[in-house]
1. Find all pairs meeting these conditions: Cβ atoms under 6 angstrom apart; at least six residues apart or on different chains; first residue within segment 26-46 and more than 12 Å from Val125 (Cα to Cα) and part of a helix (DSSP H, G or I); second residue among the aromatic types (Phe, Trp, Tyr) and more than 7 Å from the ligand (Cβ to nearest atom).
2. Tell me, yes or no, whether segment 89-103 has at least one residue that is closer than 23 Å to Ala22 by Cα and surrounded by 16 or more Cβ atoms within 10 Å (Cβ to Cβ).
3. I want to confirm something. Restricting to segment 148-176 and keeping residues that are in contact (Cβ under 8 Å) with a residue 12 or more places away in the chain and exposed (fewer than 12 other Cβ atoms within 10 Å of the Cβ), which single residue is nearest to Asp101 (Cα to Cα)?
4. What number goes with the only condition from (1) acidic (Asp, Glu); (2) open to solvent by less than 70 Å² (accessible area, probe 1.4 Å); (3) more than 23 Å from Ala6 (Cβ to Cβ) that Glu124 does not pass?
5. Scanning for something at negative phi, more than 8 Å from the ligand (Cβ to nearest atom) and in contact with a His (Cβ under 8 Å, 6 or more places away or on another chain), does segment 7-24 turn up at least one residue?
6. With Asp134, Asp121 as the choices, which residue is without any contact (Cβ under 8 Å) to a residue 40 or more places away in the chain and part of a loop (DSSP other than H, G, I, E, B)?
7. Criterion first (without any contact (Cβ under 8 Å) to a residue 60 or more places away in the chain and within 15 Å of the ligand (Cβ to nearest atom)) does Met109 satisfy it?
8. Give the residue that is nearest to the ligand (Cβ to nearest atom), with candidates limited to residues of segment 25-46 that are surrounded by 15 or more Cβ atoms within 10 Å (Cβ to Cβ) and among the charged types (D, E, K, R).
Amino acid sequence: QAGDLADRVGGAHISTGDIFRANVAEGTPLGVEAKKYMDAGQYVPDAVTNAMVRDRLAQDDAKAFVLDGYPRTADQVGELDGILGAIGAKLDGVIELMVSDREELVQRMIKRAETSGRADDTEEVIRHRQDVYDNETAALIPIYSARGILHEVDGVGTIDEVAARILDVVNTLDQA
Ligand code: AMP
């Protein structure tokens with residue numbers, strides 16, 4: 001959904017997971033470090049992730065962007081605020097994709113495992129990632145809600161249905 005949205009709005013799709021996976025595939029020092037955490041379904045340490053996003057947002061094509069999978073911790077929120085402040089950018093909105101049935105999410109990822117080739121798409125690691133979300137990332141919802149930029153979008157439906165809902169929200173955003 002994030003990649004499709006970036007295409008539609010003409011921004012860079014910045015997925016921290018994709019950048020980590022590219023580094024793992026190339027065997028870079030960053031990839032070697034990140035893989036230890038990714039395979040276990042743990043978050044890569046904030047200092048590593050934040051530095052990577054800082055570099056990515058400094059690139060020329062990142063004038064407009066869709067962040068995918070970042071920030072995921074309260075520390076990353078504070079760091080992102082600093083990065084955006086320094087480059088004179090801001091978040092127009094934050095999309096929360098709502099799926100009330102956790103089992104549906106787990107089953108979707110188990111299905112994805114058939115084609116994703118991701119080492120972390122095993123049922124055990126998938127379930128652990130749900131717990132990490134609860135412990136580390138759920139706390140970001142009230143933070144962005146208090147800022148008035150959080151938008152809930154129903155995440156149950158076909159890919160096209162969910163994409164249309166996201167686009168409806170994005171079209172209402174103040175992108176000044
Ligand atoms: P994703 O592709 O977004 O599901 O991310 C895959 C894995 O990459 C996660 O389980 C983490 O190990 C790591 N990762 C991606 N984004 C972050 C982030 N913002 N903070 C820490 N680790 C991350």
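1. Matching pairs, first to second residue: none at all.
2. no
3. Selected residue: Ile159.
4. Going through the list (1) acidic (Asp, Glu); (2) open to solvent by less than 70 Å² (accessible area, probe 1.4 Å); (3) more than 23 Å from Ala6 (Cβ to Cβ), Glu124 breaks only (2).
5. Taking every residue of segment 7-24 in turn, at least one turns out to be at negative phi, more than 8 Å from the ligand (Cβ to nearest atom) and in contact with a His (Cβ under 8 Å, 6 or more places away or on another chain).
6. From the options Asp134, Asp121, the qualifying one is Asp121.
7. On the way: without any contact (Cβ under 8 Å) to a residue 60 or more places away in the chain: yes; within 15 Å of the ligand (Cβ to nearest atom): yes.
Yes; evaluated as a whole, the condition is true for this residue.
8. Only one residue fits best here, namely Asp46.
The values are calculated or read from the model by the stated rules, or taken from the named source; none is laboratory data. Quantities reported herein were computed from a predicted structural model and do not represent experimental measurements. Positions of Cβ are backbone-derived with ideal geometry, glycine not excepted, and every protein chain shown enters the neighbour counts. Accessible surface areas use protein heavy atoms only, side chains included; no ligands, DNA or RNA. Shrake-Rupley method; radii C 1.70, N 1.55, O 1.52, S 1.80 Å.
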